[in-house]
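The values are calculated or read from the model by the stated rules, or taken from the named source; none is laboratory data. Keep in mind that this is a model prediction, so the values were computed, not measured. Quick reminder, even Gly has a Cβ in these numbers, built from the backbone with ideal geometry, and neighbours come from all protein chains shown.
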Amino acid sequence: MIDMDSRIKDNGSMKTTVDIPENELKDAMRFTKAKTKREAVVRVLEEFNRRRRMAELVRYSGTFTDGFPTNEELEAVDAKRDLGLYGRRSRR
């Protein structure tokens, strides 16, 4: 659930109200060695996103027969993904 007063601050973060099970948050703080709840949530999100990006890279491993793709080819893949995910092209 997102608080209706949530806003994106100048630093790119967003104030959000989320109902997180207490035992899951305690585990996240223990595993990440975070000192605050916010720090634990941020670290968990960063790790989740890192793993998803890595999984995406692994999907493409071994598919480049002519070497590494060009920047234009990578941008085309990103645009296609953004179109599928968001129904629109990214604003680059």
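Summary of computed values
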read-out: Out of 92, 53, 59, 81, sole residue that is modelled with pLDDT of 85 or more, of a type in the set (D, E, K, R) and on the phi < 0 side of the Ramachandran plot; value: 53
read-out: Residue 26 being in the same structural domain as residue 15 (by TED's automatic domain parsing), loosely packed, with under 10 Cβ neighbours inside 10 Å, modelled with pLDDT of 95 or more and of a type outside the set (S, T, N, Q); value: no
read-out: Residue match in segment 33-40 (condition: among the β-branched types (Val, Ile, Thr) and either touching a residue at least 40 places away in the same chain (Cβ under 8 Å) or surrounded by 10 or more Cβ atoms within 10 Å (Cβ to Cβ) (or both)); value: no
